[in-house]
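The values are calculated or read from the model by the stated rules, or taken from the named source; none is laboratory data. Here the structure is a predicted model, which is why all the values come from computation and not from measurement. Cβ placement follows ideal geometry from the backbone for every residue including glycine, while neighbour counts extend to all protein chains displayed. What goes into the accessible areas is simple: the full protein's heavy atoms, side chains included, and nothing from ligands, DNA or RNA. Shrake-Rupley method; radii C 1.70, N 1.55, O 1.52, S 1.80 Å.
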Amino acid sequence: EPEVTQTPSHQVTQMGQEVILRCVPISNHLYFYWYRQILGQKVEFLVSFYNNEISEKSEIFDDQFSVERPDGSNFTLKIRSTKLEDSAMYFCASREVPNYGYTFGSGTRLTVV
Amino acid sequence: GQQVMQIPQYQHVQEGEDFTTYCNSSTTLSNIQWYKQRPGGHPVFLIQLVKSGEVKKQKRLTFQFGEAKKNSSLHITATQTTDVGTYFCAFSGAGSYQLTFGKGTKLSVIP
C-alpha cells in the first residue's frame, strides 16, 4: 500500500534554531497538508498546498512557517526560529482528490529545548 | 469557527463489550470522516460519510451520519485488544479542504 514518508522521525533542536521537516507524499496525490498534534491533544491543521502554492493556512501558520515543494516529490515544512511551544508531532498528509480521506505520514516528533 | 464535540473523552471496556463514540456539531456538516490513531501512531483514515442518515459498516465497525447531518457515531461490536487507540471524527467546512478534528475518544480494552 502506498505510504507518505516523513523524515526525520524525531528532531531535537535548540530554541531559535531553524528546522526543516521533510515529507514524500504519495506519487499520484495532488493535495498536500501539514498538521500538528501537541502531545495528548487533537490534530490541528497548519497548511494545505495544491498546484505549487498554499491554498489555505491556519492562524498557527504564521511568518515563522513556510512550505515548499522543491523538486516535484518532496514537500517540506520549515520553521524559521523555533519556540518551545512548537514542540509537537508534525504530520504530513496527502490525498488524490480534495473531498476524501487523507493518508497521513508517520510523523516527525519535534522537541524544542 | 465550526467545531465538533466528541464524547466520551475516554472509554474503558472489557474485551468483547461494545463501544460507541459520538461526534456532535451545532451546525450542519457537509461530510464527516473518522480516523483511528493507535498509541504512538498516526491517524489512519477509516471512512467518510456524506449523505443524511447514511450508515456504513466495516466488519465490526458501524458508522452513522445523522438525519440532520449534525452528528455522527462510530460503534464497535465485540471489542478486541486491536481496537485500542483514539478515534477522531473530522470534517471539512464549506468551501474548505482543511480538516477540523474533534478531540477524540481514547478507547482502552481490558483483556
**Message:** Step by step: first the residues of region B:79-111, then only those that are open to solvent by less than 20 Å² (accessible area, probe 1.4 Å) and at positive phi, then the one that is farthest from the other protein chains (Cβ to nearest Cβ). Which residue is that?
**Reply:** B:GLY85
**Request:** Keeping to region A:20-45, report how many residues are touching a residue at least 60 places away in the same chain (Cβ under 8 Å), assigned to a strand (DSSP E or B) and touching a Lys or Arg at 6+ places or on another chain (Cβ under 7 Å).
**Result:** 1
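Looking at A:PRO8, is it on the phi < 0 side of the Ramachandran plot and modelled with pLDDT under 95? Break it down stepwise before answering.
Working: on the phi < 0 side of the Ramachandran plot: yes; modelled with pLDDT under 95: no.
So A:PRO8 fails the test.
Each row is one residue, and each column tells you yes or no for (1) among the hydroxyl-bearing types (Ser, Thr, Tyr); (2) within 12 Å of A:SER106 (Cα to Cα); (3) buried (at least 22 other Cβ atoms within 10 Å of the Cβ); (4) touching a Ser or Thr at 6+ places or on another chain (Cβ under 6 Å).
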{"site": "A:GLU1", "(1), (2), (3), (4)": "no, no, no, no"}
{"site": "A:VAL12", "(1), (2), (3), (4)": "no, no, no, yes"}
{"site": "A:ARG22", "(1), (2), (3), (4)": "no, yes, no, yes"}
{"site": "A:TYR33", "(1), (2), (3), (4)": "yes, no, yes, yes"}
{"site": "A:PHE45", "(1), (2), (3), (4)": "no, no, yes, yes"}
**Request:** Taking only region B:29-78 into account, find how many residues are away from chain A (no Cβ under 14 Å), in a loop (DSSP other than H, G, I, E, B) and surrounded by 15 or more Cβ atoms within 10 Å (Cβ to Cβ).
**Result:** 4
**Message:** For region A:68-82, check the following and say yes or no: at least one residue is over 29 Å from B:GLY85 (Cα atoms), in contact with a Gly (Cβ under 9 Å, 6 or more places away or on another chain) and away from chain B (no Cβ under 11 Å).
**Reply:** yes
**Prompt:** Out of A:TYR100, A:TYR90, A:TYR50, which single residue is aromatic (Phe, Trp, Tyr) and modelled with pLDDT of 95 or more?
**Reply:** A:TYR90
